[in-house]
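See below for the structure under consideration.
The values are calculated or read from the model by the stated rules, or taken from the named source; none is laboratory data. Since the structure is predicted, the reported quantities are computational estimates derived from the model, not experimental observations. We place every Cβ from the backbone using ideal geometry, glycine too, and count neighbours over all the protein chains shown.
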Amino acid sequence: MRLLSVSIVLALSAVPASAAPRRNLPGFSANALPASDDSTSGLVSIGFPVHLFGASYSSLYVNNNGNVTFDSPLLAYINFSLTTTGMKILAPFFADVDTRGAGSRVVTYGTGTVDGHQAFGVEWPGVGYFSAQFNKLNTFELVIIDRSDLGAGNFDLEYNYDSIQWETGGANDGVNGLGGNPARAGYSNGLTASANTSLELPGSAVSGAFLDGSPNSLAPHNLNTAVVGRYLFWVRNGAITDPPGPSPSPAPAPAATTPVLILTGILLIGMVWYLRRQAA
């Protein structure tokens, strides 16, 4: 299995976040899944074409359980490993989301504009867990941002987290939203063995790791951005790329050698004249 090399540096920001992590644009709430457990949107338009892992897509499936897929819907509530799955998936928080509880909000999705670029977003805005529990709620978001200005099908991918209070549904052996088989976060190209390209964020499937207040908690950390709670990935030419290095510094301007040489010559002449005067 080949895991995509991505620099995952999860560190608390030393300064306040430059913006709220979740975009929460009005258009991202234009459509909604019904209050449900293990549901899917069916095929919906992204609003622009994207190129991902060797294929082009203009639509996807919004799945209740914290992910989107491209080739088929995903109703699974057991959050299997993203590094071995046979499904092309983007998963900000793959776990057993259940929005049937009276205190849970439902999953929404739609289009908007981010920094002048078309975008498609999915909101999990205070969602509960199986079975219809809402004493703990999670709020997170997936955003796909069109970057065709940098090449056909290119896009930026954001996972944005406001709060993660539960990690496991009851069908995954969780008790009160905790323990058992905890959530995973990341992505996969859906291929197997050496053809597999995937990533799971540190803390995936580790009890307590993603929860607010834990060392690997999602909400107070960030990746590839200064915005705390935001995890940014670049998708270029169909591949999720390693973070690009800093832009090369401009080449230094040639040294102004002529004035230096003139000054040096004057000093040498003066020194010779002084030594001769002393010897006279």
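Flag set for Arg147, criterion: among the basic types (Lys, Arg), more than 17 Å from His221 (Cβ to Cβ), touching a Phe, Trp or Tyr at 6+ places or on another chain (Cβ under 6 Å) and at pLDDT 95 or above.
Among the residues of segment 68-86, the one identified as of a type outside the set (Val, Ile, Thr), under 13 Å from Ser198 (Cβ atoms) and buried (at least 19 other Cβ atoms within 10 Å of the Cβ) is Leu82.
If the condition is being buried (at least 19 other Cβ atoms within 10 Å of the Cβ) and either out of contact with any Ser or Thr (no Cβ under 9 Å at 6 or more places or on another chain) or part of a helix (DSSP H, G or I) (or both), then segment 166-205 contributes Trp166, Asn172, Leu201. Answer yes or no: is there a residue in segment 74-89 that is closer than 19 Å to Thr139 by Cα, touching a residue at least 24 places away in the same chain (Cβ under 8 Å) and of a type outside the set (Asp, Glu). Yes - at least one qualifying residue is present in segment 74-89. Filtered by the rule that a residue be in a loop (DSSP other than H, G, I, E, B) and either of a type in the set (Phe, Trp, Tyr) or touching a residue at least 24 places away in the same chain (Cβ under 8 Å) (or both), segment 63-72 gives Asn64, Asn65, Gly66, Phe70, Asp71. Exactly one residue out of Arg100, Arg2, Arg105 is of a type in the set (D, E, K, R), more than 14 Å from Gly186 (Cα to Cα), out of contact with any Lys or Arg (no Cβ under 6 Å at 6 or more places or on another chain) and modelled with pLDDT under 95: that is Arg2. Each residue in segment 150-165 was checked for being without any contact (Cβ under 8 Å) to a residue 60 or more places away in the chain and either under 16 Å from the mean Cα position of the chain (by Cα) or assigned to a strand (DSSP E or B) (or both), and 1 of them qualify. In the set (1) within 13 Å of Leu25 (Cα to Cα); (2) more than 15 Å from the chain's Cα centre (by Cα), the condition left unmet by Thr99 is number (1).
The residue of segment 35-80 that is nearest to Asn181 (Cα to Cα), among those that are of a type outside the set (A, V, I, L, M, F, W, C) and in contact with an Asp or Glu (Cβ under 7 Å, 6 or more places away or on another chain), is Tyr77. Taking (1) in contact with a Lys or Arg (Cβ under 7 Å, 6 or more places away or on another chain); (2) surrounded by fewer than 24 Cβ atoms within 10 Å (Cβ to Cβ); (3) of a type outside the set (S, T, N, Q) in turn, Val143 satisfies each apart from (2).
Quick grid of which residues meet (1) of a type outside the set (Gly, Ala, Ser); (2) crowded, with 23+ Cβ neighbours inside 10 Å; (3) over 17 Å from Tyr187 (Cα atoms); (4) touching a residue at least 12 places away in the same chain (Cβ under 8 Å):
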| residue | (1), (2), (3), (4) |
| --- | --- |
| Ala30 | no, no, yes, yes |
| Asp37 | yes, no, yes, yes |
| Ser41 | no, no, yes, yes |
| Val50 | yes, yes, no, yes |
| Tyr61 | yes, no, no, yes |
| Glu123 | yes, yes, yes, yes |
| Val127 | yes, yes, yes, yes |
